[in-house]
Amino acid sequence: MKRILIVAIVLILIAVASTYFLIPTRIVINKSLVVGANKDALYRKVGITNTWTEWWPGSTNQDGQGYTYVSNSFSFKPGLLQFTSVPLTIELKKLTLRTDLTFLQVHLDSTRLQLGTVVPTSSNPIKRIARYSEAKKLAKSFDEILYAIAKQYSNIQNLYGYDIQKKSVMDSTLIFISEEVKGPPPVKRIYELVDQLRSYIHNHNAKETNYPMLNVFTNDSINYLLKVAIPVDKILPDSGNIHYRWMLGGGNILITEVKGGNHAIQKAYRQIRHYVDDFDRVAPAIPFESLVTDRRSEPDTNKWVTRIYFPVM
């Protein structure tokens, strides 16, 4: 009996000693993942921390001080944005830690996300083992967070809010008409110009190859330059205020489709311009809107379908 007791004590002492040998006083956690997304776009999206419900892999709590995100019993509280990171305070029971969700550019279309922290343990062997278990759970949360971001924002539509596609210019032969107007041009006037172009196309035995195109520009919100164009199947001569225009066939162009009125269209333009800046593109020509919906016959702007075409190089 005495021998068994001695063996048990020795085993316990070995187990206690092993906790100090195998579990360090500070457990370092470093996790990273390369995401197929532009760094600036990803930072712009993830930096809006009250939208993390789009991708967060756990539960969400909201109070008067903002959002708290929960994963594997840990509470994550975002702080004020830094230049290339989102600070996070992590809490579990009496344990409070700090980390930064950091964004590092790998290529224009890929970003390395990083999460790291240090978990202190204890001189008490039982607490030391408990902290080790908590550190394992926290490392798992870091992995889940990074993979959730990658899954959500490796998709262009989720990243920019629109399905922005890069294609080649197809409708390269156009005729157009332009005029200056006071104030935003009304739908009636836009289609009066469309009808002029259509009459000209018909009189020259040509055919339209796509929907009418629109560009409206203003410097002062008072004077507007209105341009209307229609792609055609052959070169037509200039006549009066109707002119031929050629776009470089096979050139690059960004295309996205929008449903809604002018507010929705301008919102899409802002996101496309973000895309252009993010990928270091330049616009060699003006963008334009393809009027898929005949706006004269559909008074409800919420039902308008418009394709935005944005030339880039």
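Tell me, what ³J(HN,Hα) does each residue in the range 70-77 have, in order and in whole Hz, if you take phi through Karplus 6.51 cos²θ - 1.76 cosθ + 1.60 with θ = phi - 60° and put x for Gly and Pro?
Calculated HN-Hα couplings, in order: 10, 9, 6, 6, 8, 9, 10, 10 Hz.
Treat the range 226-285 as a sphere of radius equal to its Kirkwood radius over Cα pairs and apply Stokes-Einstein at 37 °C in a medium of 0.692 mPa s; give the translational diffusion coefficient in µm²/s, rounded to a whole number.
226
Which pairs break 20 Å Cα to Cα here: LYS167/LYS227; LYS94/LYS137; LYS188/LYS227; LYS45/LYS136; LYS182/LYS303?
LYS167/LYS227; LYS45/LYS136; LYS182/LYS303
At 222 nm, what helix-only mean residue ellipticity would the chain give, in deg cm²/dmol to the nearest 500, using -39500 (n - 2.57) for each DSSP H run of four or more?
-10500 deg cm²/dmol
Rounded, prolate or oblate, given the Cα gyration tensor of the range 152-254, with a/c below 1.5 counting as rounded?
oblate
Just the ratio, please: alpha-carbon radius of gyration of the range 78-118 over 2.2 N^0.38 Å, N its number of residues.
In units of the 2.2 N^0.38 Å rule of thumb, it is 1.37.
Might you tell me the accessible area per residue for the chain, computed with a 1.4 Å probe and given in Å²?
The answer is 56 Å² per residue.
Report the equivalent ellipsoid semi-axes for the range 24-152 in whole Å, largest first, defined as the square roots of five times the eigenvalues of the gyration tensor built from alpha carbon atoms.
Square roots of five times the eigenvalues give 26, 17, 12 Å.
Report in % the part of the accessible area of the chain that belongs to carbon and sulfur, leaving out ligands and nucleic acids; probe 1.4 Å.
So the carbon and sulfur contribution to the accessible surface is 54 percent.
Quick one: order SER172, SER32 from most to least accessible surface, probe 1.4 Å.
Heavy-atom accessible area, descending, gives SER32, SER172.
For the full complex of protein chains and a 1.4 angstrom probe, list SER73, SER85 by accessible area with the highest value first.
Output order, biggest surface exposure first: SER73, SER85.
Through the Karplus equation 6.51 cos²θ - 1.76 cosθ + 1.60, θ set to phi - 60°, convert the phi angles of the range 219-233 into ³J(HN,Hα) values in whole Hz; use x for Gly and Pro.
Working through the residues one at a time gives 9, 10, 6, 10, 9, 10, 9, 9, 10, 10, 9, 9, x, 10, 8 Hz.
For TRP304, list long-range residues whose amide hydrogen, built 1.01 Å from N in the peptide plane, is under 5 Å from its own amide hydrogen.
GLY260
Pull up all non-local amide H partners of ARG281: gap of 5 or more, or a different chain, and H-to-H distance under 5 Å with H placed in the peptide plane.
none
Keeping every protein chain in place, order TYR147, TYR309, TYR132 by accessible area at 1.4 Å, biggest value first, i.e. largest first.
Descending accessible area places them as TYR147, TYR132, TYR309.
Any chance you could look up the accessible area of ASP220 with a 1.4 Å probe, heavy atoms only, rounded to 10 Å²?
Near enough 70 Å² of accessible area.
Hey, with R₀ at 25 Å, roughly what FRET efficiency would SER123 and SER73 work out to, going by the Cβ-Cβ distance, to 0.05?
0.55
Mind giving me the nanometre distance, one decimal, between the label points for SER32 and VAL282, set 7 Å out from Cα along Cα→Cβ?
For the pair SER32/VAL282, the computed spacing is 3.3 nm.
Contact order normalised by length for the range 38-109, with contacts defined as Cα pairs under 8 Å and 6 or more residues apart; what percent is it?
Answer for the range 38-109 is 25 percent.
For LYS267, give me every one of the aspartates and glutamates with a C-alpha distance below 16 angstrom, ignoring sequence neighbours fewer than eight places off in its own chain.
ASP163, GLU257, ASP277, GLU289
Once the convex hull of the C-alpha atoms of the range 201-255 is built, how many Å³ does it hold per residue, rounded to a whole number?
132
From largest to smallest, what semi-axes in whole angstrom does the chain give when each is the square root of 5 times an eigenvalue of its alpha carbon gyration tensor?
Each semi-axis is the square root of five times an eigenvalue, giving 63, 18, 14 Å.
Just how many % of Cα pairs in the range 84-194 lie over 23 Å apart, if you round to the nearest whole percent?
60
Just want to confirm a number: the relative contact order over the range 102-209, from Cα pairs under 8 angstrom separated by 6+ residues, in percent.
11
Rounded, prolate or oblate: which fits the range 185-313, taking a ≥ b ≥ c as square roots of the Cα gyration tensor eigenvalues, rounded meaning a/c under 1.5, else prolate when a/b beats b/c?
Note, shape of the range 185-313 comes out oblate.
The values are calculated or read from the model by the stated rules, or taken from the named source; none is laboratory data. Quick caveat, the model's predicted, so the values are computed rather than measured. FYI the Cβ positions are ideal-geometry reconstructions off the backbone, even for glycines, and counts take in every protein chain you see. Quick note on the areas: whole protein, heavy atoms, side chains included, nothing else; ligands and nucleic acids left out. Shrake-Rupley method; radii C 1.70, N 1.55, O 1.52, S 1.80 Å.
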